[in-house]
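Heads up, the thing below is written out as structure tokens.
Only the coordinates and a few stated rules stand behind these numbers; no lab work does. Every value quoted in this text rests on a predicted model; they were computed, and no experiment measured them. All Cβ positions, glycine included, derive from the backbone under ideal geometry; neighbour counts span all protein chains shown.
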Amino acid sequence: MLAKHTDRVFADLRGPEPGVPDGMKVDVEGNVYCGGAGGIWVMDSAGKKLGPHRARGARHTNLAFGDDDWRTLYITSRNHLGAVKVKIPGIAVPVAAK
């Protein structure tokens, strides 16, 4: 629906290296983590690229923050599960009331 209201592009993650935009997550400071060409990209809340996490040709399929402090970014690909410690915690997933 956003595309119908604006021509603005948040971030272009295409490139010559393997990978396509996939698996978006946000940390508590509003930074966005997303798979793209060449690895996992980190962008600020305005879409400015802060840098990539290179992953040796892997084509990422999803991301998730986890562990007790939400400072581990889990990364999946077709045949791999990886984990990277990050400085800024991800937004915690709400726990459903029982």
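At-a-glance table
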{"item": "Relative contact order, percent, the stretch 1-90 [alpha-carbon distance under 8 Å, six or more residues apart]", "result": "22"}
{"item": "Volume per residue that the Cα convex hull of the stretch 11-63 spans, once the total is divided by residue count, Å³", "result": "62"}
{"item": "Debye log10 I(q)/I(0) for the chain, one point scatterer per Cα, at q = 0.20 Å⁻¹", "result": "-1.00"}
{"item": "Dipole axis of the chain (+1 Lys, Arg; -1 Asp, Glu on Cβ), positive-most option in Thr61, Thr6, Ile91", "result": "Thr61"}
{"item": "For the chain, size of Cβ-based charge dipole, Lys and Arg +1, Asp and Glu -1, in debye", "result": "220"}
